[in-house]
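The values are calculated or read from the model by the stated rules, or taken from the named source; none is laboratory data. This structure is a prediction, so every number in the text was calculated from the model and none was measured. We place every Cβ from the backbone using ideal geometry, glycine too, and count neighbours over all the protein chains shown.
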Amino acid sequence: MTDASRHRGQPSPPTPRVRLVDVAREAGLSKTTVSAALNGTGRLSPAVREKARETARRMGYRPNATARQLRAGRAKLIGYVLGELAGAPWAFVESPYFARLTGAVAATALRNGYAMVLLPAGSLQSEWADLPLDGVIVTDPAADDRIVDELLAARIPVFSDRSVEGRPGAHWVDVDTEAAVRSVLDHFREQGARRPVVVVPDSTTRFHADVDAAHRAWCAENDAEVRVVRAAQTGNGAVVHAVETALTDHGDRPDGGDRPDPGARPEAGDRPDPADRPDALLVVAEASPPLVLEAARRLGYDVPGDLLLACVSEDVTAEHTEPPVTTVSLRPDAVAEAGVEHMLAVLEHGRVEQSGTLVPTRLDVRGSSLRREGRERQG
């Protein structure tokens, strides 16, 4: 009988843990010296510090996390929830923005000694109540999402967007949505556009409510008609269909009117009268910029000749289309840095007062939103 068959179905014996005293003995140093070297404390020569660390690496030494947690009173675990994607908890991997934001939060937290626990949106309290979470980051919670209320009721610090402003135990980081929307619409107007249409998701998050408010305010100030089309779902297919509707119809206009069949695919001949058709398109709902550009061309629009185009997107493919697509970046890396900074101030330094940060966005103007003379000046 082989060793494998004798032990089949039985747990393997645990590998003996390397202790600090074992590292000290191997390195020929005191336990106190090794501890100081590994913790970056004490007055040690670089050679002694490196000898202790190299010995610990070679022997596979790991600090006793449980003991550290007991001393610090923290588990060093941060929950992370993508509130906007409650209906599709793992869809963030298909979103350049949320994928970058999630990765940046995880990396920034880890650099500061915290591990991130991904909690699917829509998680029940019973699913996370037993986790020793020091705090939870809730990105873009929907208006009816209960998780923020439940976390605060459990006295767990919450880090979210501006929708939690003023709530005890909550801290926020948000993007300057109004400035972002105005920067694009002002740019369109400077390039001669007078009939912009905006494609947004059918969402109740604070970000999209702010987009809507900023768009309507800008239209009122510039005597422009409010033209909005809402994408019923997330994902390229639904958003591209909303783009096609925006370019063949007039969006949600005050005068109402007959709506096209939402299941029908628009054709080039379905475009509105040239005197009334959109001359600029801002796609806030996340979609692939090349697919948006192709949808406009399929309907007979010349970009940027008779349609200026900009997308709120972190998708790098926007730079490689012809023409390259203008984008608004919500700067997820900066959002993550600011969020973790607030987290550390609360968890490590005991900040109790409510705090918030507004992160500026970035408009990257490219050929899709520049008339010929503008492209010549840019070149």
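General remarks:
- Subset of the range 288-304 (residues that are touching a strand residue (DSSP E or B) at 6+ places or on another chain (Cβ under 7 Å) and either closer than 13 Å to Ala318 by Cβ or not in a helix (DSSP H, G or I) (or both)): Pro289, Val292, Leu293, Val303
- Lone qualifier among Tyr61, Tyr80 - being modelled with pLDDT of 85 or more and buried (at least 17 other Cβ atoms within 10 Å of the Cβ): Tyr80
- Residue in the range 145-163 that is of a type outside the set (A, V, I, L, M, F, W, C), free of Cβ contacts under 8 Å to residues at least 60 places away in the same chain and farther than 14 Å from Val81 by Cα present: yes
- Just one of the listed residues (Asp252, Asp258, Asp270) is touching a strand residue (DSSP E or B) at 6+ places or on another chain (Cβ under 6 Å), surrounded by fewer than 20 Cβ atoms within 10 Å (Cβ to Cβ), charged (D, E, K, R) and modelled with pLDDT under 90, and it is Asp252.
- Residue in the range 153-176 that is surrounded by fewer than 23 Cβ atoms within 10 Å (Cβ to Cβ), more than 20 Å from His342 (Cα to Cα) and not aliphatic (A, V, I, L, M) present: no
- Members of the range 305-321 that are in contact with a Phe, Trp or Tyr (Cβ under 9 Å, 6 or more places away or on another chain) and in a loop (DSSP other than H, G, I, E, B): Leu307, Ser313, Glu314, Asp315
- In the range 311-349, the residues that are within 27 Å of Pro132 (Cα to Cα), of a type in the set (D, E, K, R) and more than 13 Å from the chain's Cα centre (by Cα): Glu341, Glu348
- Residue within the range 181-197 that is in contact with a Cys (Cβ under 9 Å, 6 or more places away or on another chain) and not aliphatic (A, V, I, L, M) present: yes
- Restricted to the range 143-215, the set of strands (runs of 3 or more DSSP E) holding at least 2 residues that are in contact with a helix residue (DSSP H, G or I) (Cβ under 9 Å, 6 or more places away or on another chain) and at pLDDT 95 or above comprises 170-175, 196-201.
- Hits in the range 129-149 (condition: of a type in the set (D, E, K, R) and touching a Phe, Trp or Tyr at 6+ places or on another chain (Cβ under 9 Å)): Asp134, Asp140
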